[in-house]
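The structure appears below as structure tokens.
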Amino acid sequence: MKRLIGLLILLITVLGVAFYIAQNITPPKDLHPLGEYYLENSYFGEHSAKSPEVVTSILWDYRGVDTLFETAVFFLAIIGSLTLFRLNKEQAEEARQGQPKPQLPEPVVVVTKLTVAMILAVSASIALHGQLTPGGGFQGGSALAVAPLLVIAAYTKYALEKNGLDKTRAIIIRSIGLLGIALTALTPLLANGYIMQNQPIFPGEALGVPLGGSLVLYNLFEYLAVGAGFTAVFLLLSIPEKKFKKFLGVRR
Amino acid sequence: MIALLWSITIVSLLATLIISVCGIVAKPNLVKKLIALTIFSDTANVLVVLLGYRVIYPVKPPILPQLSKTALGEFVKTAVDPLPQALVITAVVIGMAVNILIAFAIIQIYRIYGTLDVREVGKTLPELLRRGEA
């Protein structure tokens, strides 16, 4: 009852303030000049990224350095998580021992197999069509990370590791992705460009499909980096609590 | 009427921001603090996307419908501002990674101290340090 009264007071306050403000504001109908510039120039125009998807062209071309540093933040966050759960060699070996047998009924397991295949296809499509349709490396990578999570939930983490996707490999794939981003960003320097320059260096389209120059490369590498980074973290997170307590020497 | 709906949206988002800040400060449980933090960051992202929205009837996403210059004028008239969306995309994924880092820290704190209450953790920490000296 007490909570209900609090909620009611909150609701009335919000509605009252909104009613008061409504007389003084007009909802925005026009674009900001900067947004209009990006919309006009992303495919046509002199400073073009050759990508019909304006958000992606801002992300990796017009504001590319911004995104580069955001990727650095992502790198540091994942490295921080891996460091917090650091294991030595024997502990890592012990963490890998377990039964890769699903504990769930048969239909769940079969449906999971189908869903994982579909998630892989959809995430690749999101990432690789990032210069044409909504999506891109970040979104595709986040979707990709759901697949190993689903496998961990329906089977076990041991099944994932027995099939070759262990923490080390995930970290290697992530490093390949980040290295690819760095190399793609530095390539224009060889041709007397500036860092992350797009159109004069990279091809605009291939086989009649607009590629957006370097955008497709960045999307591909970011897809690998984000997907594999989250996979490594999920693999660490799924080590049973009993084993971790033993490693830490906690008696509770 | 449209102005009223628009202002209700903005004011309720601001109220959510205030409530989530209260959650971060007032709740003693670390997991609840993390939940409040995610609500805070998501609300901030929605506010940023709202900055680029246009209240007109046929409103389109910022993707060229066809690759011809004749469609460009119509497109600029109906498309929303792409810049806030581009800024939010990275913020969402980075926020997810940072939230995972915080969650890892919280799990480790729970393993070592056996509690998630910040007051309990504050009491246990000096004891652990003293035990190391003895």
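The values are calculated or read from the model by the stated rules, or taken from the named source; none is laboratory data. Only a predicted model underlies this, so the values are computations on that prediction, with no experimental measurement involved. Here Cβ is always computed from backbone atoms with ideal geometry, including for glycine, and neighbour counts include all displayed protein chains.
Data for the structure
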quantity: Sole residue being more than 29 Å from B:LEU67 (Cβ to Cβ), aliphatic (A, V, I, L, M) and either buried (at least 19 other Cβ atoms within 10 Å of the Cβ) or within 23 Å of the chain's Cα centre (by Cα) (or both), chosen from A:ILE173, A:ILE181; calculated: A:ILE173
quantity: Leading residue by the ranking (farthest from B:ILE2 (Cα to Cα)) among those in the stretch B:41-90 that are more than 9 Å from chain A (Cβ to nearest Cβ) and among the hydroxyl-bearing types (Ser, Thr, Tyr); calculated: B:SER68
quantity: In the stretch A:188-205, the residues that are touching a residue at least 24 places away in the same chain (Cβ under 8 Å) and closer than 16 Å to A:GLU46 by Cβ; calculated: A:ASN198, A:GLN199, A:GLY204
quantity: Test: residue in the stretch A:151-163 that is touching a helix residue (DSSP H, G or I) at 6+ places or on another chain (Cβ under 8 Å), closer than 27 Å to B:ALA86 by Cβ and either hydroxyl-bearing (Ser, Thr, Tyr) or touching a residue at least 12 places away in the same chain (Cβ under 8 Å) (or both); calculated: no
quantity: Test result for A:GLN23, more than 10 Å from every other protein chain (Cβ to nearest Cβ) and of a type outside the set (Val, Ile, Thr); calculated: no
quantity: Breaking point among (1) aliphatic (A, V, I, L, M); (2) modelled with pLDDT under 85; (3) touching a Ser or Thr at 6+ places or on another chain (Cβ under 6 Å), for B:LEU101; calculated: (2)
quantity: Among residues of the stretch A:57-102, those that are free of Cβ contacts under 8 Å to residues at least 12 places away in the same chain, buried (at least 17 other Cβ atoms within 10 Å of the Cβ) and more than 17 Å from the chain's Cα centre (by Cα), counted; calculated: 1
quantity: Matching residues, the stretch A:39-95, being of a type in the set (Asp, Glu), more than 9 Å from chain B (Cβ to nearest Cβ) and over 16 Å from A:PHE138 (Cβ atoms); calculated: A:GLU46, A:GLU90, A:GLU93, A:GLU94
quantity: Checklist (1) facing chain B (nearest Cβ under 9 Å); (2) of a type outside the set (Val, Ile, Thr); (3) over 26 Å from A:ALA127 (Cα atoms) applied to A:PRO33, failing item; calculated: (1)
quantity: Residues that are aromatic (Phe, Trp, Tyr) and at pLDDT 80 or above, drawn from the stretch A:197-243; calculated: A:TYR218, A:PHE221, A:TYR223, A:PHE230, A:PHE234
quantity: Selection count where residues are part of a loop (DSSP other than H, G, I, E, B) and within 16 Å of A:ALA72 (Cβ to Cβ), scope the stretch A:153-201; calculated: 2
quantity: Identity of the residue in the stretch B:46-61, surrounded by fewer than 17 Cβ atoms within 10 Å (Cβ to Cβ) and in contact (Cβ under 8 Å) with a residue 24 or more places away in the chain, that ends up farthest from B:LEU87 (Cα to Cα); calculated: B:VAL55
quantity: Flag for A:LEU217 being part of a helix (DSSP H, G or I), farther than 30 Å from B:TYR110 by Cβ and touching a Gly at 6+ places or on another chain (Cβ under 9 Å); calculated: yes
quantity: Any hit, the stretch B:97-111, residues being among the β-branched types (Val, Ile, Thr), more than 24 Å from the chain's Cα centre (by Cα) and within 7 Å of chain A (Cβ to nearest Cβ); calculated: no
quantity: Residue match in the stretch B:13-25 (condition: of a type in the set (S, T, N, Q) and more than 10 Å from every other protein chain (Cβ to nearest Cβ)); calculated: yes
